[in-house]
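The values are calculated or read from the model by the stated rules, or taken from the named source; none is laboratory data. Computed from a prediction, not measured in an experiment: that's the story for all the values here. FYI the Cβ positions are ideal-geometry reconstructions off the backbone, even for glycines, and counts take in every protein chain you see.
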Amino acid sequence: MDRLWAPWRLHYVEVPKDRPHGDFIARVDNESNDRENLVVDRTKHTITILNRFPYNNGHLLVSPRRAVAEIDHLNDEELLDIQREIQRMVAALRTIMTPHGFNIGLNLGRAAGAGLPEHLHWHICPRWNGDHNFMTVISDTRVIVQSLDEVWLRLRRELGLSDS
């Protein structure tokens, strides 16, 4: 029998889904404890964070640093910076994880699946041919084969950023 080891998912399972989590993006944008908070990078207008409850290995969230709920409330500088950061993260993930493709998306509003509707964030999910296995289909479970800390460290090194 094979065992799946993903202890960081316990918090996600135990936390009541109707409890508000607040703006976790704004909360971690304080330039301290980046490793613990899974903050991969910051630019003038963006913050990039590893998703603590990922759909796939390397699942990133790219968000404006300013809390904005609607895409049309972003200014031109923010829009350009976000797109450049998405481009940069895709290149880094390609190098360190060699995925076959990516899903990149934005959920606008709770009805569209936004878990944090008051703060826009784009999801970048690396994908591999054959990564749809029986676990997702039968038990609504995802198998994450690499620790979040290891992905954080590899991304930081690929981006030429500090390990602390």
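Applying the criterion of being β-branched (V, I, T) and in contact (Cβ under 8 Å) with a residue 40 or more places away in the chain to the residues of segment 85-105, the residue that is surrounded by the fewest Cβ atoms within 10 Å (Cβ to Cβ) is T95. Of all the listed residues (T95, T141), the sole one being more than 21 Å from S32 (Cα to Cα) and either at pLDDT 90 or above or assigned to a helix (DSSP H, G or I) (or both) is T95.
Look at (1) at pLDDT below 90; (2) within 14 Å of the chain's Cα centre (by Cα); (3) part of a loop (DSSP other than H, G, I, E, B) and you find that N129 fails only one, number (2). Residues that are among the acidic types (D, E) and surrounded by 14 or more Cβ atoms within 10 Å (Cβ to Cβ) do occur in segment 74-84, at least one of them.
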